[in-house]
Amino acid sequence: MRSWSGPAGAWRRARHAALLALAALPVACSEPGPGGAERVALVDGDTASAAQALGLPFSIDERKSLIVTDVDIVSEFKLEDVLQQLIDQSGVTGLSPTTLFQRFMDTHRTGADGVFGDVPHCDDVAASTADIHPPGSSNPAEQPTGSTNGWPILCPRAVGSESASDPFADPNADNAYMATTLSNRFDLAPPDGSNCGEYRIVFARRGGHPQANGLQRNLIIFEARLPNPSPGLGRAACLPVVEFWLNQSDPAKSAATRASELLAFYFDGLPGFEPVVHIDHYGHAPGPDQGQIRTNEFLNGQTPPLAWSLREFRLTHGTSGNPALDIVPSFVKDNPAARLFSPAASSDPRVTSFQSAVFPDVVERLAAAEDINRFAYPQALPDAINAGESLMIPLQNNYLNALGTGPSTLRTNIESKLTAMGSDLSGTAGNLSVDQVVARAQTLACSGCHEPQDREGGIDDAFDVGLSDPFPTTLVFTHTSEEKEPIDANDPNSGERFKISPALINVFLPFRKTVMAEYLLNDPILGFETPGAWTSPQAQLAVHTGRVVEGISSLEVRTPTAFNAIVGPSFSTAGLTPVGDKIALDLFVSKAQPNPSWIGTIEVLISIPSAGIDNQWVGNHVLNGHTPGTFATITFPQLPAATVSALDASPSDVKLQFNLNVTPGSGPYYMDNIRFVN
């Protein structure tokens, strides 16, 4: 699984020597290690950055390996080619990309005004006036007449006029579409590796320059989930995909070479993998991780509604014996309708269930994240509560507006969950308020991520999500743009690229870069990246993607008893040598402590059967003194010289066991980032 192709082929062969070179780095102090060898003492951050610099064949360039907007590259991607490949795969004869596009756009029209009689139209099911939020508005833009998934949608939409146009007749016309962005979302690959992440192409309507013709914009985003060809191997089987994207950062590659390789990745696929552009990767199968096609609609006709809308669609197809292909409206995943947050009395079982159980059950996961990139629900929200479109203007996804400021059942239930987690509800550091948790949910709605707004619907540059920094700045309703800029501001011959948002540049892309680098460099067992790898006879364990120090998950010790043995699987130190002579662990101590005078202890044992080492006690650490509600680094005493020598021989049967002694009823606790240090 660690074979490399292309210029990075020597990476694994050079890794051992590269890490040895860490010893040559200038440091403040060093100490003699076992056998007289000198082992360098570096602080954890220095070690991590040095290992990444030496361990990868070249640094990860975010604008090559994570998001690509170079005009010379993305111009090679054509909407017509994407639709034609999907048609070819479906086996439908006589269907053209133009007709498939027009049928897609026709879903925005009413049945009476539709061009195609056999596509779903936006008024096929009328909106229930009780579900409209905000209620009672006289503004036509806030009076949806159609519905999708049982929730109101604005109907018709001006973008429906595209169903009478041919976007491929003149590639330079206003109604033509151009690719602006290719996006690598390997960070969306789940811990169990059931898929290898999401890979996107953004197409923008040519006539919709945001600074000149902002109300003539329409964005279509093809968001394909790439299946894991060997799911039994977990995320490890996704390595060729991550290697491919890493190799895009090779400074020796020309733009033409990168364009050719990216086209092959999207349209042909890597060896053993399906192509990204595939009829099964855009939501044909039900489920939260099956991909989708999304739109970001600004296109405006001469009459209301003027609202900006984000919608989600599924690509459905038939069988070889009965071929068919259509792009049909769907609900927007993880976008609860705003009415569900409203304290207004309701007999609607969707509302009562949401306020009594569904949302309270996700509070812990929303509150646990200390990084905007890690905001998420613990699992997909029930389909029935997801809105038919995501709107912030009007306020159909403004959850703060719907919740209001007064007492309510939902507010009380959220307070109870936060109090149980140790929050005093003040909204200060480590003490989230109800509004901050709801604000986090609002940023997970499509419209909330594209432009968070305050309770009254105003754009809020200081949107409070309970962290030291507010939600980052977008490009006003988008994260990508039709505007261009020089690739290198200091080189007029460097070419042009499409702009991206400050949020992407400063917050999202650095996180995705770290996920990618840690996947390539770190041991998944020591980073708790593999579900089910660690076991305990006493405590319930689970991977957790909110409270995390490195990688995408930590180990949650969910229901600790007085004594909890947490046992890891066998692993190899082949990629870790020379091994440090101390074991370090990041541990999150819960605020929920029935006996605050005694937090507990944690100890570690190591086994290397091939070296005759069986449950060797390494050390014990007292948890009193650690600040509850935070991660703290625990470093255990120095390993015996013979054990370090055995580890340096790269055995494959190393096992660690942590014994957590705590007060029953405390917790949960979170463990992450085991490493051999010094």
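The values are calculated or read from the model by the stated rules, or taken from the named source; none is laboratory data. Owing to the predicted nature of the structure, the values given are computational and were not obtained by experimental measurement. Every residue, glycine as well, gets a Cβ built from its backbone with ideal geometry; the counts of neighbours run over all protein chains shown. Heads up: the accessible areas ignore ligands, DNA and RNA and are worked out on the full protein's heavy atoms, side chains in. Shrake-Rupley method; radii C 1.70, N 1.55, O 1.52, S 1.80 Å.
How big is the range 224-349 by Rg and Dmax over its Cα atoms, in Å?
Considering the range 224-349 through its Cα atoms, Rg and Dmax are 20.0, 64 Å.
Return the aspartates and glutamates within reach of K591: Cα separation strictly under 18 angstrom, same-chain partners fewer than 8 residues apart disregarded; answer none if there are no such residues.
Qualifying aspartates and glutamates at Cα under 18 Å: E364, E370, E415, D424, E556, D672.
Is the shape of the range 42-182 rounded, prolate or oblate, going by the alpha carbon gyration tensor and its root eigenvalues a ≥ b ≥ c, with a/c under 1.5 for rounded and a/b larger than b/c for prolate?
Working: a/c = 2.90, a/b = 1.57, b/c = 1.85.
Note, shape of the range 42-182 comes out oblate.
For the range 340-440, what does the equivalent ellipsoid look like in terms of its semi-axes, each the square root of 5 times an eigenvalue of the Cα gyration tensor, given largest first in whole Å?
21, 16, 14
Kindly report the accessible area of the chain per residue (heavy atoms of protein chains, probe 1.4 Å, no ligands, DNA or RNA), in Å². Show your work: numbers first, answer last.
Numbers: 26200 Å² over 678 residues.
That works out to 39 Å² for each residue.
How large are Rg and Dmax for the chain when only the alpha carbon atoms are used, in Å?
Calculated on Cα positions, Rg and Dmax stand at 26.7, 86 Å.
To the nearest 10 degrees, how steeply does helix 509-521 sit against the main Cα axis of the chain, on a 0 to 90 scale?
Helix 509-521 and the main axis of the chain meet at about 40 degrees.
What shape does the range 632-677 have by the C-alpha gyration tensor, where a ≥ b ≥ c are the square roots of the eigenvalues, rounded means a/c under 1.5, and otherwise prolate means a/b greater than b/c and oblate the rest?
Numbers: a/c = 2.60, a/b = 2.34, b/c = 1.11.
Prolate shape, in that a/c is at least 1.5 and a/b is the bigger ratio.
Quick check: the angle from helix 255-267's long axis to the longest principal axis of the chain, C-alpha only, nearest 10 degrees?
Tilt relative to the chain: about 80 degrees.
Compute the long axis of helix 434-444 from its Cα atoms, compare it with the longest principal axis of the Cα atoms of the chain, and write down the angle in degrees, 0 to 90, nearest 10.
70
Ignoring ligands, DNA and RNA, what percent of the 1.4 Å accessible area of the range 386-520 is carbon and sulfur?
Details: 2640 of 5220 Å².
Here carbon and sulfur together make up 51 percent of the probe-accessible area.
Where a ≥ b ≥ c are the square roots of the eigenvalues of the C-alpha gyration tensor, would you call the range 280-359 rounded, which needs a/c under 1.5, or, failing that, prolate if a/b is larger than b/c, or oblate? Spell out each step's value before the answer.
Details: a/c = 2.81, a/b = 1.36, b/c = 2.07.
Verdict is oblate for the range 280-359.
Which value in deg cm²/dmol, rounded to the nearest 500, describes the helix-derived mean residue ellipticity at 222 nm for the chain, given -39,500 (n - 2.57) per DSSP H run of n ≥ 4 and division by the residue count?
Numbers: 16 runs with 139 residues, N = 678.
The helix contribution divided over the chain gives -5500 deg cm²/dmol.
What dipole magnitude, in Debye to the nearest 20, does the chain give about its Cα centre under +1 on Lys/Arg Cβ and -1 on Asp/Glu Cβ? Walk me through the numbers on the way to the answer.
Working: 43 positive and 73 negative charges, 189 e Å.
Dipole size: approximately 900 debye.
Structure shown: which of K78/K499; K333/K417; K417/K655 lie over 26 Å apart, alpha-carbon to alpha-carbon?
The answer is K417/K655.
For the range 560-632, what is the relative contact order in percent, using Cα pairs closer than 8 Å and at least 6 residues apart in sequence? Intermediate results must be reported in sequence, preceding the final value.
Details: 64 pairs, mean separation 23.2, N = 73.
Computed over the range 560-632, the figure is 32 percent.
For the range 137-216, state the average projected area of the convex hull of the C-alpha atoms over all orientations, rounded to one decimal in nm². All intermediate terms of the calculation are to be shown ahead of the outcome.
Details: hull surface 36.6 nm².
Its average projected convex-hull area is 9.2 nm².
Using a 1.4 Å probe on the protein heavy atoms only, what accessible surface does D460 show? Give it in Å² to the nearest 10.
Number for this one is 40 Å².
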